[in-house]
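The block underneath contains the structure these notes are about, expressed in structure tokens.
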Amino acid sequence: MISKVEAWQPHMDWAELVIVTGNDKYAYELEPFFKRGYPIVGTNKASAALELDRGVGQDILNECGIETLDFVEFSSYDKAIDFVRKERKSYVSKPWGGAIDKSLSYVPKGADSNEERANLVCRLERWKKEGVKGKFILQEKIDGTEMAAGTWFGPGGFSRAINETWEEKRFMNDGYGPNTGETGTVLRYTKKSKLFEKVVRPLEGKLHELGFVGNVDVSCMIDRSGAPWPMEFTMRFGWPAFNLMLALHKGDPAEWLADLLVSRDSLEHSNDLCCGVVMSLGDYPWGNWPHDRAAGWPIRGLSMEVVRNVALTCVKRGHAPSALGDEIENCDCVVTAGEYVLVAMGQGKSVEAARKAAYGIVEQISWPPHQNVRTDIGCRMEKGLKELHRHGYATEVSYE
């Protein structure tokens, strides 16, 4: 559906705009181009470390005067297990020391803190038995409401267009199932954000020092007293968050990024909320299906109205049986090319309006084997917004 090249390096000299959507692939190959001042929007090696190495991220937050939770670092499972047995608090586990692998992330759930401690010990013992290697930290578990804030950043500083985000990481409704990274999101742009002022604005000087150009986002847990506790950076385009941003943007889809590189803040956007729902197939999020098993399934329902409200992801042009009146014939059509197929999106003045619009798109799309879809993206905000409003966060956002 689009032209791809075997090697990207020969094209760097003529490109007026180079967009790097991740923060690990090609990092070493791109570094010389960053240093020579090529027009790149994306994460260089130094700024990527804020996300990839929690130790670096934690140090920079503290350096910029942003309060963080205490933690204890471990490389021994036995020592970590002894620590959890002796402490009388719930802890979460997070990877440490630049590990991209998130397998050492674990947030225990239980009837009370003692059961959560027991579940964490179970998890640590299993990692030890399975031979999972790597450093990790244990950090006190905070009860509260999750929310993130961020924006675009360039040589001219922060964009006026601040994004506030509420994401769902788990595969199944109500936060059950494996962690997918992000399986659905509600997002908006705003000119004013209390969370942004607390946990992103203080980073401005450091981001200039790092030579960062791109989207910076800090995810937080806001506790019962209203204090925001940073959990992690995102120093790249978020998925599906960036799809939702594009849906809200007005005007040329790329010119504002070129402007960002030369200190012009030209991004125009809708003020609506956008809800995005990941539609997948196969054994997502594990990714163990052979490619041929996940590819080639015809995607039904892609009318012009629907296409305007989806972000096609793992798709391609193909041939598949299709109904032409009473006849079934092999036709050219859009087919799957992997397990993360597309993101269905909807916009509205309230969370519920955006949700209904997004799920109206979901209901029109199908493919033969099965669709993996959460049906509750945004629902958690009905309760969460009440708590956030009590502390002055996202007061312009309404659920209904």
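Observations, loosely collected:
- Within region 260-304, being without any contact (Cβ under 8 Å) to a residue 40 or more places away in the chain and open to solvent by less than 50 Å² (accessible area, probe 1.4 Å) holds for one residue alone: 266.
- Condition check for residue 376 on (1) open to solvent by 20 Å² or more (accessible area, probe 1.4 Å); (2) assigned to a loop (DSSP other than H, G, I, E, B); (3) not hydroxyl-bearing (Ser, Thr, Tyr): one failure, at (1).
- Conditions (1) modelled with pLDDT under 95; (2) open to solvent by 50 Å² or more (accessible area, probe 1.4 Å); number of the one not met by residue 104: (2)
- Check on residue 32, under 30 Å from residue 318 (Cα atoms) and outside any loop (DSSP other than H, G, I, E, B): no
- Region 168-212, residues that are in a strand (DSSP E or B) and of a type in the set (Asp, Glu): 168, 182
- When the residues of region 175-189 are filtered to those that are under 22 Å from residue 357 (Cβ atoms) and open to solvent by 10 Å² or more (accessible area, probe 1.4 Å), the one that is nearest to the chain's Cα centre (by Cα) is 182.
- Selection from region 135-169 of residues that are open to solvent by 10 Å² or more (accessible area, probe 1.4 Å) and free of Cβ contacts under 8 Å to residues at least 40 places away in the same chain: 169
- Any hit, region 2-15, residues being under 22 Å from residue 241 (Cβ atoms) and not basic (Lys, Arg): yes
- Residue that is farthest from residue 138 (Cα to Cα), among those in region 23-53 that are in contact with a Gly (Cβ under 8 Å, 6 or more places away or on another chain) and open to solvent by 20 Å² or more (accessible area, probe 1.4 Å): 34
- Qualifying positions in region 44-83 - modelled with pLDDT of 95 or more, over 22 Å from residue 119 (Cβ atoms) and in a loop (DSSP other than H, G, I, E, B): 44, 64, 65, 66, 67, 68
- Filter pass, residue 81 being open to solvent by less than 70 Å² (accessible area, probe 1.4 Å), of a type in the set (Val, Ile, Thr) and in contact with an Asp or Glu (Cβ under 8 Å, 6 or more places away or on another chain): yes
- Residue 318 vs. criteria assigned to a strand (DSSP E or B) and open to solvent by less than 70 Å² (accessible area, probe 1.4 Å): yes
- Region 113-134, subset among the charged types (D, E, K, R) and open to solvent by less than 80 Å² (accessible area, probe 1.4 Å), residue farthest from residue 69 (Cα to Cα): 123
The values are calculated or read from the model by the stated rules, or taken from the named source; none is laboratory data. Only a predicted model underlies this, so the values are computations on that prediction, with no experimental measurement involved. Please note: Cβ atoms are built from the backbone with ideal geometry, for glycine as well, and neighbour counts cover all protein chains shown. In case anyone asks, the SASA skips ligands and DNA or RNA and just uses the protein heavy atoms, side chains included. Shrake-Rupley method; radii C 1.70, N 1.55, O 1.52, S 1.80 Å.
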